[in-house]
1. Can you confirm whether region B:228-247 contains a residue that is within 13 Å of chain A (Cβ to nearest Cβ) and modelled with pLDDT of 80 or more?
2. Return the pair list, or none, for Cβ contacts closer than 7 Å from residues in region B:65-82 that are more than 10 Å from every other protein chain (Cβ to nearest Cβ) and more than 18 Å from B:GLY7 (Cβ to Cβ) to residues that are part of a helix (DSSP H, G or I) and of a type outside the set (A, V, I, L, M), at least 6 apart or on different chains.
3. In this structure, does A:GLU125 turn out to be of a type outside the set (A, V, I, L, M, F, W, C), assigned to a helix (DSSP H, G or I) and either touching a residue at least 12 places away in the same chain (Cβ under 8 Å) or buried (at least 21 other Cβ atoms within 10 Å of the Cβ) (or both)?
4. Scanning region A:72-107 for residues that are assigned to a strand (DSSP E or B) and among the β-branched types (Val, Ile, Thr), which turns out nearest to the other protein chains (Cβ to nearest Cβ)?
5. Please verify whether A:ARG18 is modelled with pLDDT under 95 and more than 14 Å from chain B (Cβ to nearest Cβ), treating the condition exactly as stated.
6. Consider A:ARG37 carefully, then state whether it is at negative phi, within 13 Å of chain B (Cβ to nearest Cβ), without any contact (Cβ under 8 Å) to a residue 60 or more places away in the chain and touching a strand residue (DSSP E or B) at 6+ places or on another chain (Cβ under 7 Å).
7. Restricting the search to region A:44-65, which residues are within 12 Å of chain B (Cβ to nearest Cβ) and assigned to a helix (DSSP H, G or I)?
8. Report yes if B:GLU107 is within 17 Å of the chain's Cα centre (by Cα) and either acidic (Asp, Glu) or away from every other protein chain (no Cβ under 14 Å) (or both), otherwise no.
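The values are calculated or read from the model by the stated rules, or taken from the named source; none is laboratory data. Not measured: the values here are computed from a predicted model. Please note: Cβ atoms are built from the backbone with ideal geometry, for glycine as well, and neighbour counts cover all protein chains shown.
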Amino acid sequence: MNVDFSISQHPLDITPLREAIASPDCGGFVHFEGRVRNHHAGRAVTALRYEAYRELAEKEGARIVAEISRKHGVRAAAVHAVGDLRPGDLAVWVGAAAAHREAAFAACRELIDAIKERVPVWKHETYADGKTSWIAGCDHAGTAGNPDHP
Amino acid sequence: MKPPLRGLLLAGGRSTRMGRDKASMILRGNGQTQAANALRLLEGSCAGVFLSLREGQEKPEGCGSVEILRDAVSCGGPLAGILTAMRHDPEAAWLVLACDLPFVDAEVVSLLLAGRDDAPFTAFASAVDGLPEPLCAVYGPAALPILEEHAARGHVCPRHIMAEEGARLLQLPAAARHALENINTPRDLEMMTRFGDPGAAPPEPAGKTPGREVRLGWFGFLAEQRGRREEMLVTPAGTVGELFAELAAREGTGGLTSGVRFAVNDEFASPDHPLKAGDKVVFMPPFSGG
């Protein structure tokens, strides 16, 4: 199965990734695009910077893609942007291709969740009022993907 | 007239990262479970204390005969427990406390209660990002319609709801800056049991321990706080966990908390990972990619 993960400077070029995982034996191709939102916790976001611990992020990202490719029998790849982004810009791209759509949907969902949880990347937001903040991951959502509230 | 104050202990989490029920763990030196200590704390200031559990969940050890409220809202997470309680007594203000905050004590609770007014939310500001800490907070009666409205729209993170709606924000005094650190993973627990309470003075190095020089790397807000991305440091610490405790205690780097993960030579490392001269050590704040 195909394994690919990288940390890349904004703007991302995802054409090579799409071509790398698309395959004639794969009838289902699901991809997810994480884009910069123009609001966070009620504040207007005007700019956003991502930074990554690249050496570890690329190792861990490759492990995630390998694990999930194997688990679902899909071809998968992902890339996360670093640098200065604006609302609407592409921050992370995840793709999974499989013979049938069920595996592709499941793998795509698990990939983005695992990347958010396990890959050392940090987000720095700038707001309309000129203030800035580093964002810490949210532990309080308690959704099916993150049931670990106290 | 001030509404009556009820206490709610949130113990309905699945503790998936810990792998066992956090409420039943004994974290403090008095031999009581975390749930028992937290209930006693709430009983000290509230007229009526309730224990929030999931449907079908067993009562954690040490809870005595406290009244149980089972999640009657399907949104999941702590919000389900909070909404269930507020619907149970909508006229009351609720002091909400999570069961995995072993450093919250009577002093912290009295600071919180002294700071509250009739605002829907009263909470401490996070030492990390300044946002409200929702799981040691007071939810006034006015919070109920706000929470209902967010839940109906699928917003289930109380921290984000509070930030968006505006909370009365209190600052923790410097001496209690670690009070709201929670325990999520066996590693957090190990850090706590090995190094005692966060913020406690570090053990004195024994005699003239030869130091080893390591390279520290910093990212995110930790890099901002340090004012640098890399530095060399001579330390007597034998493991990455000891180095972490030494830095956190000696330098008071506010962001060096239990949520920080470690890497040595570009690989994830546990606290007992031995340090060698020349190692590259990185302390990573909680990730926020995606």
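1. Yes; the residues of region B:228-247 include at least one that is within 13 Å of chain A (Cβ to nearest Cβ) and modelled with pLDDT of 80 or more.
2. B:ALA72/B:THR84; B:VAL73/B:THR84
3. Details: of a type outside the set (A, V, I, L, M, F, W, C): yes; assigned to a helix (DSSP H, G or I): no; either touching a residue at least 12 places away in the same chain (Cβ under 8 Å) or buried (at least 21 other Cβ atoms within 10 Å of the Cβ) (or both): yes.
So A:GLU125 fails the test.
4. Restricting attention to region A:72-107, the residues satisfying the condition of being assigned to a strand (DSSP E or B) are A:75-85, A:90-98.
Retained after the next criterion (residues that are among the β-branched types (Val, Ile, Thr)): A:79, A:82, A:92, A:94.
Numbers: A:VAL79: 11, A:VAL82: 9, A:VAL92: 5, A:VAL94: 9 Å.
By that ranking, first place goes to A:VAL92.
5. Numbers: modelled with pLDDT under 95: yes; more than 14 Å from chain B (Cβ to nearest Cβ): yes.
Against the criterion (modelled with pLDDT under 95 and more than 14 Å from chain B (Cβ to nearest Cβ)), A:ARG18 qualifies.
6. Details: at negative phi: yes; within 13 Å of chain B (Cβ to nearest Cβ): yes; without any contact (Cβ under 8 Å) to a residue 60 or more places away in the chain: yes; touching a strand residue (DSSP E or B) at 6+ places or on another chain (Cβ under 7 Å): yes.
Considered against the rule, which asks whether it is at negative phi, within 13 Å of chain B (Cβ to nearest Cβ), without any contact (Cβ under 8 Å) to a residue 60 or more places away in the chain and touching a strand residue (DSSP E or B) at 6+ places or on another chain (Cβ under 7 Å), A:ARG37 comes out as yes.
7. A:ARG54, A:GLU55, A:LEU56, A:ALA57, A:GLU58, A:LYS59, A:GLU60, A:GLY61, A:ARG63, A:ILE64 - these are the residues of region A:44-65 that are within 12 Å of chain B (Cβ to nearest Cβ) and assigned to a helix (DSSP H, G or I).
8. Values: within 17 Å of the chain's Cα centre (by Cα): yes; either acidic (Asp, Glu) or away from every other protein chain (no Cβ under 14 Å) (or both): yes.
The answer is yes for B:GLU107.
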